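Okay, structure first, notes after.
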4 protein chains.
Amino acid sequence: MNESRPRTGRPRSEQSRQAVLHAVDDLLVEVGYAALTMKGIAERAGVGRQTIYRWWSTKAEVLFEAAITDAAKELSDTPRATTIEDVVAYLDGAERFLTTSDAGLAYRVLVGEAQHDAEVARLLGSAALFEKPVHGVLTRAVDRGDIAPAVPFAEAAAILTGPVFYRALTGAARSEVPTAVLAAALLAAVRDLTH
Amino acid sequence: MNESRPRTGRPRSEQSRQAVLHAVDDLLVEVGYAALTMKGIAERAGVGRQTIYRWWSTKAEVLFEAAITDAAKELSDTPRATTIEDVVAYLDGAERFLTTSDAGLAYRVLVGEAQHDAEVARLLGSAALFEKPVHGVLTRAVDRGDIAPAVPFAEAAAILTGPVFYRALTGAARSEVPTAVLAAALLAAVRDLTH
Amino acid sequence: MNESRPRTGRPRSEQSRQAVLHAVDDLLVEVGYAALTMKGIAERAGVGRQTIYRWWSTKAEVLFEAAITDAAKELSDTPRATTIEDVVAYLDGAERFLTTSDAGLAYRVLVGEAQHDAEVARLLGSAALFEKPVHGVLTRAVDRGDIAPAVPFAEAAAILTGPVFYRALTGAARSEVPTAVLAAALLAAVRDLTH
Amino acid sequence: MNESRPRTGRPRSEQSRQAVLHAVDDLLVEVGYAALTMKGIAERAGVGRQTIYRWWSTKAEVLFEAAITDAAKELSDTPRATTIEDVVAYLDGAERFLTTSDAGLAYRVLVGEAQHDAEVARLLGSAALFEKPVHGVLTRAVDRGDIAPAVPFAEAAAILTGPVFYRALTGAARSEVPTAVLAAALLAAVRDLTH
DNA sequence: AATTAATCGAGACGGTACGTCGGGTCTTTAC
DNA sequence: GTAAAGACCCGACGTACCGTCTCGATTAATT
């Protein structure tokens, strides 16, 4: 029941698609975003330039598709015994992703592009990269009775993610405060939202 | 004993400097960062291209100089009667700056550039745009005895700024939670850091 | 004893062949040779691109096949009562063909291509477009005793065709000299070759 | 009293101009017109592509400027003792130019382009490459009393140039008729124009 | 009827030149 | 020595065609 399926002509080459995504991944790390060009991607991937333009609009879009899967995986939420451990794991994971991961570098760059490119902003928003794992953490916290069911998840996501996100993007130095202490303080703040 | 002071030749034109800064300000809003070019700035300012390159290295640098003064002014901290009012004012001011101000647009764009341009990152870090007003708020809070003197200011800045910053840069929708509630929760979290 | 005859499989589509030839004819007039592309021909003809490449090597070759029949027809020699009338008719026909006919436009374009494409030159040479009608004119002139049998036909063809050809291809304005006068002069020149 | 002279800015580089013209000259002979690209010219000349587009519209225009001086020189008319010798020299010179000279190759290619590019046609017409030397030959012939002053020079140019031009562009083989015989015949034809 | 094989339209493929745009530099004259 | 002007070399942009390569679908002649 697939609509708009082209039934004629040569089908899209999955091999070329993979080659482009890998080329973007590699080049971002090797030469940086400023030197990441469509021409360079095509040459690295051994692919015609038109083939990229045929399937993606901008290099940000390619980068998004290349990095988003890894990004989601690195931020995936693995349940811990207690809520505070869940929060600590989330904060550590988010910080590691944003500051040391290749996918995190791609994400930060895309956030940068999103500031002056609405389409990139839309793409990133649709990924809900941080919202998803936060949702898992909060859901379990509600189940355990550690926070009220009425806690607004979106606001909680901003509270839990914000500090790490702010430090990573502004380059502010990592604080001497242990993650456990920060986690406890933020969890309390989330709880306070319903008071 | 003045070093590197040019004592001969035509002096730098202050008029040209202003023209360039205003041109950047205007163009950012009018055409967006993606279409902001050195050539365009020069033409808009009625200035030779070389004149820009003589005094600034990159367009990010020009943009920084053009926007930083306004940005600092818009984020300046004006003391309120109570600590919670101080925090509310800070949060509101930061959000307004980031989401609706022209200077805030410039700042967000620069944060974006900073993700792949170390020099821009260094510039932005040196401005300590959010750290300064947070410092004022926290200092008065300590004076009033509302928070312990031992509270790590850098971490507190991340907690207070992070949620607003995260929402503004990821385009997440403003929550239904009133600023006063958020302020109270975050202030409590800051207090928790020293427990 | 037929060589290389495919005895099985789908036979060549005469309909597609005609469609291609007509498309080339039409497009040459409509968009000009510079904008005449294989892609455009295929789309106009409603034919796959491969189908063109299967049967012709270059667009010049298609153009040749598309125009040569009409060209030969337009230059065909119809006997007149006297040799001078024959020559006048030939000159008029050649000029009309080269300056106003669609087939003549195709021919001029092909002559242009032939200057840097040996294969096109070979094709054009094999058509002997002007040589054939000149041969008719001269043969009848010999029969009538108007010129000597020893007249070198190739040289005569150059003398009779050259002036018209030169004017048509260089865009030189048509002279005020009546064709009849020119014909007489050239016919005399042809006669002089054997003196 | 020069009009429209720009008095400011960097002046046009004569060195770049020469480099482009020489590159075109060389490349035409080395790789042929079909492979003569703006990109290739720029690279060969060590010049930016934009620099070419700044001063010339098409590669045909560059080729024209590169070849026209040499072409005019090779076709220049050097007076002989008698009119028949003048004509023989002209015919030999024209044939040599068209069939063996590099400038002649460029000229033939440009004639080809002119068939579907009105601008090139205009350029070539303005050069009056063959008309000029013919004018010299005819003027002296009139002075000597060998032809009537009333002879239409344009038509005479077509008669004298046409046969050689036709043979060169259609690739027809050089006839066995000696140039002297042809020259005499064509000169008689020119004379006949006023009978 | 089933099989075989070459054709067909369609359209994606890797390439390459197009003409333009912007980057950062250089070379003029004017101040 | 700085300024405006504008040409310079360079290289990426996004597009258009090139000629080739799959696809599924046709269309005969051969089994």
| said: Taking the Cα centroid of the stretch D:127-192 and of the stretch C:9-58, what is the distance between the two, rounded to the nearest whole Å? | reply: 42 Å
| task | Could you work out which residue, out of D:VAL62, D:VAL120, D:VAL177, moves most in a Gaussian network model of chain D, that is, has the largest mean-square fluctuation with Cα springs under 10 Å? | result | D:VAL177
| task | Two decimals is fine: what's Rg over Rh for chain C, C-alpha atoms, Kirkwood radius as Rh? | result | 1.06
| query | Any idea what the C:THR8 label distances to the other copies are, label 7 Å down the Cα→Cβ vector, nm, shortest first? | reply | 2.7, 8.1, 9.5
| said: Restricting to DSSP H runs of at least four residues, report the calculated mean residue ellipticity at 222 nm for chain D, -39500 (n - 2.57) per run over all residues, nearest 500 deg cm²/dmol. | reply: -22500 deg cm²/dmol
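For A:THR179, what charge total do you get from the other residues with a beta carbon under 14 Å from its beta carbon, if Lys and Arg give +1 and Asp and Glu give -1? Numbers along the way, then the final one.
Details: positive: A:ARG80, A:ARG96, A:ARG167, A:ARG174; negative: A:GLU85, A:ASP86, A:ASP92, A:GLU95, A:GLU176, B:GLU155, B:ASP192.
In short, -3.
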| task | Using the 7 Å Cα-to-Cβ label point, sort the distances from D:ALA180 to its equivalents in the other copies shortest first and give them in nm to one decimal. | result | 3.7, 11.7, 12.0
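What trypsin sites (Lys or Arg not before Pro) does the stretch A:12-42 have in DSSP loop regions with at most 12 other beta carbons within 10 Å? Intermediate values should be presented prior to the final figure.
On the way: sites: A:ARG12, A:ARG17, A:LYS39; in loops: A:ARG12.
Taking the stretch A:12-42 and a limit of 12 other Cβ atoms within 10 Å, the loop trypsin sites (Lys or Arg not before Pro) found are A:ARG12.
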| said: Once you place label points 7 Å from the Cα toward the Cβ at B:ARG80 and A:ALA72, how far apart are they in nm? | reply: 4.0 nm
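Taking each residue in A:186-195, count the Cβ atoms of any other chain within 10 Å of its Cβ, then average. What number comes out? Before the final figure, lay out the partial values.
On the way: counts 7, 2, 6, 11, 2, 2, 8, 6, 3, 4.
Partner Cβ neighbours, averaged per residue: 5.
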| message | Closest beta-carbon to the B-to-C rotation axis: which chain B residue owns it, and what is the separation in whole Å? | response | B:ALA35, 16
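Return the average number of partner chain Cβ atoms within 10 angstrom of each residue Cβ along peptide B:52-60.
Per residue, the number of nearby Cβ atoms from other chains is 0 on average.
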| field | With 10 Å bins from 0: P(r) over the protein assembly as shown, alpha-carbon pairs, percent | value | 2, 10, 15, 14, 12, 10, 10, 9, 7, 5, 3, 1, 0, 0
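Taking K and R as +1 and D and E as -1, what net charge do the other residues with C-beta under 13 Å from the C-beta of C:VAL88 add up to? Please report the intermediate quantities before stating the final value.
Working: positive: C:ARG80, C:ARG96; negative: C:ASP77, C:GLU85, C:ASP86, C:ASP92, C:GLU95.
Summing Lys and Arg as +1 and Asp and Glu as -1 gives -3.
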| note | Output row for B:THR139: copy-to-copy label distances, label 7 Å along Cα→C-beta, ascending, in nanometres, one decimal, is 4.7, 9.4, 11.2
| said: In whole Hz and in residue order, list the ³J(HN,Hα) couplings for the stretch D:55-71 that follow from phi through the Karplus curve 6.51 cos²θ - 1.76 cosθ + 1.60, θ = phi - 60°; x for Gly and Pro. | reply: 10, 9, 8, 9, 5, 5, 5, 4, 4, 4, 5, 6, 9, 5, 5, 4, 4
| query | Charges only on Cβ, +1 for Lys and Arg, -1 for Asp and Glu: so what's the dipole of the protein assembly as shown about the Cα centre, in debye to the nearest 20? | reply | 240 debye
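Counting partner chain Cβ atoms within 10 Å of every residue's Cβ in B:103-111, what's the average? Write out the running numbers ahead of the final one.
Values: counts 0, 0, 2, 1, 1, 6, 4, 2, 8.
The per-residue average across the peptide is 3.
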| request: Step through the residues of the stretch B:146-156 one at a time and calculate ³J(HN,Hα) from phi using the Karplus curve (6.51 cos²θ - 1.76 cosθ + 1.60, θ = phi - 60°), rounding each to whole Hz and writing x for Gly and Pro. | output: 7, 9, 6, x, 7, 4, x, 4, 4, 5, 4
| Largest-first principal axis extents, alpha carbons of the stretch B:14-113, Å | 52, 27, 19
| query | Length gain on complete extension for the stretch D:TYR53 to D:THR37, per 0.36 nm per residue less the alpha carbon to alpha carbon distance? | reply | 4.5 nm
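What is the sum of charges, Lys and Arg at +1 and Asp and Glu at -1, for the other residues whose Cβ falls under 14 Å from the Cβ of A:GLY104? Provide the component values of the computation, followed by the final result.
Working: positive: A:LYS73, A:ARG96, A:ARG108, A:ARG167; negative: A:ASP25, A:ASP70, A:GLU74, A:ASP92, A:GLU95, A:ASP102.
Its environment carries a net charge of -2.
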| query | Nearest 20 debye, what's the magnitude of the dipole of the stretch D:14-55 about its Cα centre given +1 on Lys and Arg Cβ and -1 on Asp and Glu Cβ? | reply | 240 debye
| query | Where in the stretch C:77-101 does the amide nitrogen come within less than 20 Å of the point 7 Å from the Cα of C:ASP143, taken along Cα to Cβ? | reply | C:77-91
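Read-outs: derived from the displayed coordinates by stated rules, not from any lab. Since we're looking at a predicted model, the values are computed, not measured. Reconstructed Cβ throughout: ideal geometry from the backbone, glycine too, with neighbour counts over all protein chains shown.
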